[in-house]
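Here the structure comes first, spelled out in structure tokens, and everything after it is commentary.
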Amino acid sequence: MTASPRIDAEDVTLLELLDRVIDRGVYLSGDVTISVADVDLIYLGLKVMLTTAERADEMRGLTAARSRRELSDG
Amino acid sequence: MAERRYVYAIQARGTSLPARLAGFGGSEVYQVSHRRLSALTSAVDIGRIEPNAPNVLLHETVVESAGAQGDTLPVRFGTVLDSDDVVRKVLDEHHDVLLSDLGRLGNKVEMGVTVLWEPPQLSEQVYEPEQAATTGPGTRYLHSLLLKHRQESELRVTAQRLANEIDEIVGHFTLDRRQSVLPAPRLALRASYLLESRQIPAFLDAVDVLRSQQSGHRYLVNGPWPPYSFVTLSGTAGAEDMSERFLREAERLITAGVR
């Protein structure tokens with residue numbers, strides 16, 4: 001693996017939690033009002049940022065028509 | 001500002017609630033019951049609940065505290081309904097599905113497995129010199145696209161083979177599985193496995209066996225979680241329908257040196 005600053009296992013756990021609670025679980029449709037901030041960034045304790053822009057767009061009823069980024073190494 | 005209701009989880013009616021369980025804004029979590037179900041709820045102001053780490057952790061704390069009392073279905077973060085009456089209406093609308101899921105999943109957990117790898121070397125087709133001399137730039141571009149597609153397909157087949165091997169070993173202890181094969185070049189697999197709590201040690205032992213057999217791969221295991229990935233009312237295509245940007249960031253974080 002590419003050498004880089006160590007990330008704690010705690011970050012990975014929080015990442016996994018975020019993935020679950022924001023994108024999975026029981027979805028109650030109908031009169032649900034999803035209150036999610038406009039902020040696209042989620043700040044973790046160690047200042048590692050994740051973006052859920054696509055998820056936020058979904059919730060705002062916008063069609064995500066973003067171009068793919070090439071995955072970068074490392 | 002009108003108060004609304006934040007919904008954390010679904011339980012069977014009559015399930016005990018932890019004493020003084022606090023939700024967002026310090027509001028007490030209480031149950032809104034309808035027919036055979038209860039929704040764990042707390043009053044929230046109409047304002048936003050940001051998906052930041054403290055709020056997500058609070059949501060999860062309520063869900064897991066509830067789970068310690070009895071069978072529980074986790075509700076997605078950010079579910080806010082207008083009033084207790086609306087909560088009851090929603091419970092009524094989805095009653096049978098929720099009740100069925102509660103019976104199927106309520107006392108189960110899920111474990112997450114992420115497999116990191118260095119993508120294996122793939123076959124590379126190159127133009128013969130005489131071909132290169134006779135093809136134009138457009139053709140060469142299309143050829144490169146085709147080559148890239150073939151390489152990705154080859155990689156996906158290899159990753160799927162790995163996923164099948166993992167299924168073969170952990171499948172003895174698990175009840176169901178959701179997976180995303182090769183969500184990113186360095187993520188061979190992300191999967192969630194549904195199992196009974198008592199099977200967690202055996203599951204972890206099985207993953208250790210896989211680690212020893214495939215030393216070139218890195219296995220990251222997390223959990224146990226409430227069964228988020230296995231509910232019927234998921235609203236999207238399911239656990240495999242993950243945010244691509246989220247996954248790319250996940251790859252960057254996880255390959256940055258996690259131990």
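The values are calculated or read from the model by the stated rules, or taken from the named source; none is laboratory data. Remember, predicted model here, so these are calculated numbers, not experimental data. As a convention, Cβ positions derive from the backbone with ideal geometry for all residues, glycine included, and neighbour counts pool all protein chains shown.
Numbers below:
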| read-out | value |
| --- | --- |
| Residue among B:ARG252, B:ARG248, B:ARG259 that alone is touching a helix residue (DSSP H, G or I) at 6+ places or on another chain (Cβ under 7 Å), modelled with pLDDT under 85 and either not aliphatic (A, V, I, L, M) or not in a helix (DSSP H, G or I) (or both) | B:ARG259 |
| Some residue of the range B:102-112 being under 14 Å from B:LEU40 (Cα atoms), in a strand (DSSP E or B), modelled with pLDDT of 95 or more and under 15 Å from the mean Cα position of the chain (by Cα) | no |
| Selection from the range B:199-218 of residues that are outside any helix (DSSP H, G or I) and in contact with a strand residue (DSSP E or B) (Cβ under 6 Å, 6 or more places away or on another chain) | B:HIS217, B:ARG218 |
| Flag for B:ARG198 being crowded, with 16+ Cβ neighbours inside 10 Å, over 26 Å from B:GLN121 (Cβ atoms) and free of Cβ contacts under 8 Å to residues at least 60 places away in the same chain | no |
| Residue pairs meeting the criteria (Cβ under 9 Å; at least 6 apart or on separate chains; first closer than 20 Å to B:ARG186 by Cα, in the range B:148-174; second in a helix (DSSP H, G or I)) | B:GLU165/B:LEU210; B:GLU165/B:GLN213; B:ILE166/B:ALA206; B:ILE166/B:VAL207; B:ILE166/B:LEU210 |
| Qualifying residue in the range B:144-166 (condition: touching a Phe, Trp or Tyr at 6+ places or on another chain (Cβ under 9 Å) and over 15 Å from B:HIS217 (Cα atoms)) | no |
